[in-house]
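First comes the structure, then the notes that go with it.
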Amino acid sequence: MFARLPRWVLFGGVVLAFIAGIINATGFLGVQHQGITHLTGTTTLLGTAIGQGDVAAMLHFAALIGAFVAGCVASGVIIQDSTLRLGRRYGVVLAVEALLLVAAVPLLGAGQVAGEYLASAACGLQNAMASTYSGAVLRTTHFSGTLTDLGIFLGHRLRGLPVDTRRVRLLLALVSAFLAGAVAGTWLFQAFAYAALYVPAAATGLVGVGYGLYSHLHRPA
């Protein structure tokens, strides 16, 4: 399946993973120390809040998860199909993501958790857009599954079984891009605080515009 994906899709997945790394690092380094794309951890925190009877924390973590899911829903409404096809409104999704990140900056700077919800919704938009293309999974905001796949492939290789090396290279590239984004996000946050999110906002906006132009120029006559 991965062998049939166009290069622009694979490149876009790596770029989006880098962007998600910046966003998540900004969340962890902020006042709330909350991962924006780290839904496994957020769900765990929701569970602990329920167990402790902390209503305020319950509402916060539930809202954070709900915002991510809402972003996924919005992506599904905008794109309307999981089948990869040039001309679908991926650029619109990226533009909305950029706007959400821009809107999140002043809210986060003012210490308002609504900024986290907007950033989480932005990541939901991105991940839903990139997750499934004709059955090939491209995760760009969380990597438990990706690392699991890599471990399985390593086990297969140790047993002498065939391995899809192109898929392995892609998964390694996605993880590496997310890690590099986290490093870049740390540097950006240290220099600009929450304004660091303007960088991924600009990047998603530019990628969206670039996709729109590419789609227009390569539209069938």
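The values are calculated or read from the model by the stated rules, or taken from the named source; none is laboratory data. The structure presented is a predicted model; accordingly, all values stated were derived computationally and were not measured. Neighbour counts are summed over all protein chains in view; Cβ atoms, including those assigned to glycine, are modelled from backbone coordinates with ideal geometry.
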Candidate set: segment 162-182, residues that are assigned to a helix (DSSP H, G or I) and free of Cβ contacts under 8 Å to residues at least 24 places away in the same chain; chosen: the one farthest from the chain's Cα centre (by Cα): THR165
Tally of residues being out of contact with any helix residue (DSSP H, G or I) (no Cβ under 9 Å at 6 or more places or on another chain) and touching a residue at least 12 places away in the same chain (Cβ under 8 Å) across segment 143-161: 0
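Among the residues of segment 23-53, count how many are in a helix (DSSP H, G or I) and in contact with a Phe, Trp or Tyr (Cβ under 7 Å, 6 or more places away or on another chain).
Looking only at segment 23-53, we keep the residues that are in a helix (DSSP H, G or I), and these are 23-29, 39-52.
Next, only the ones that are in contact with a Phe, Trp or Tyr (Cβ under 7 Å, 6 or more places away or on another chain) stay: 25-26, 29, 39, 42, 45-46, 49.
The total comes to 8.
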Exclusive hit being basic (Lys, Arg), surrounded by 15 or more Cβ atoms within 10 Å (Cβ to Cβ) and at pLDDT below 85, set ARG167, ARG85: ARG167
Among the residues listed as VAL199, VAL207, the single one being modelled with pLDDT under 85 and in a helix (DSSP H, G or I): VAL207
Residue match in segment 128-142 (condition: closer than 27 Å to GLY66 by Cβ, in a helix (DSSP H, G or I) and polar (S, T, N, Q)): yes
Residue check for THR140: within 14 Å of the chain's Cα centre (by Cα) and at pLDDT below 90: yes
